[in-house]
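Peer 1: Below you'll find the structure I mean.
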Amino acid sequence: MPVSATEAAQIKASIDLAGYIRSRGVELHSVGSSLRGLCPFHSEKTPSFTVTPLKGLFHCFGCGAGGDVIRFVERFDKVSFSGAVAILTG
């Protein structure tokens with residue numbers, strides 16, 4: 001069943017992005033108002049993966065990956081949008 005924009009917004013608002021990313025094994029360290037760590041989407045030695053909790057967004061300056069918690073699950077678990085929603089709401 002398709003997910004409405006309202007439902008997607010509710011999912012994003014209800015999940016702590018940084019906490020979720022940490023739960024998937026990514027170490028994040030505070031740098032000002034954001035968090036930084038090694039990108040889970042490519043190999044790197046210097047952290048370029050940034051999470052901005054207030055905006056609920058992540059971005060990697062190394063590989064260009066970015067988005068919200070749904071997009072993180074899509075990339076991390078290699079699933080579709082609906083698959084990511086199912087994982088987050090399951």
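The values are calculated or read from the model by the stated rules, or taken from the named source; none is laboratory data. This structure is a prediction, so every number in the text was calculated from the model and none was measured. Quick reminder, even Gly has a Cβ in these numbers, built from the backbone with ideal geometry, and neighbours come from all protein chains shown. With ligands, DNA and RNA removed, areas are computed over all heavy atoms of the protein, side chains included. Shrake-Rupley method; radii C 1.70, N 1.55, O 1.52, S 1.80 Å.
Peer 1: In the stretch 65-86, what count of residues is obtained for those that are open to solvent by less than 80 Å² (accessible area, probe 1.4 Å) and under 13 Å from the mean Cα position of the chain (by Cα)?
Peer 2: Residues in the stretch 65-86 being open to solvent by less than 80 Å² (accessible area, probe 1.4 Å) and under 13 Å from the mean Cα position of the chain (by Cα): 13 in total.
Peer 1: In addition: With the requirement that a residue be among the hydrophobic types (A, V, I, L, M, F, W, C) and open to solvent by less than 50 Å² (accessible area, probe 1.4 Å), what does the stretch 48-64 give you?
Peer 2: Phe49, Val51, Phe58, Cys60
Peer 1: In this structure, does Leu54 turn out to be assigned to a strand (DSSP E or B) and closer than 15 Å to Asp16 by Cα?
Peer 2: No; evaluated as a whole, the condition is false for this residue.
Peer 1: With respect to the numbered conditions (1) within 23 Å of Ile87 (Cα to Cα); (2) open to solvent by 30 Å² or more (accessible area, probe 1.4 Å); (3) modelled with pLDDT of 95 or more, which one is the sole condition not fulfilled by Glu7?
Peer 2: Failed condition: (3).
Peer 1: Please count how many residues of the stretch 65-90 are in contact with a strand residue (DSSP E or B) (Cβ under 8 Å, 6 or more places away or on another chain) and assigned to a loop (DSSP other than H, G, I, E, B).
Peer 2: Looking only at that region, the number is 2.
Peer 1: Restricting to the stretch 21-47, give me the number of residues that are within 21 Å of Asp77 (Cα to Cα), under 14 Å from the mean Cα position of the chain (by Cα) and either open to solvent by less than 40 Å² (accessible area, probe 1.4 Å) or acidic (Asp, Glu) (or both).
Peer 2: Here the count works out to 6.
Peer 1: Among the residues in the stretch 32-50, are any in a loop (DSSP other than H, G, I, E, B), among the aromatic types (Phe, Trp, Tyr) and in contact with a Ser or Thr (Cβ under 9 Å, 6 or more places away or on another chain)?
Peer 2: No, the stretch 32-50 has no match at all.
Peer 1: Which numbered condition in (1) out of contact with any Leu (no Cβ under 9 Å at 6 or more places or on another chain); (2) touching a residue at least 12 places away in the same chain (Cβ under 8 Å); (3) among the β-branched types (Val, Ile, Thr) is the only one that Ile21 fails?
Peer 2: (1)
Peer 1: Something else about it: Here are Thr52, Thr6: which of them is of a type in the set (S, T, N, Q) and touching a residue at least 12 places away in the same chain (Cβ under 8 Å)?
Peer 2: Thr52
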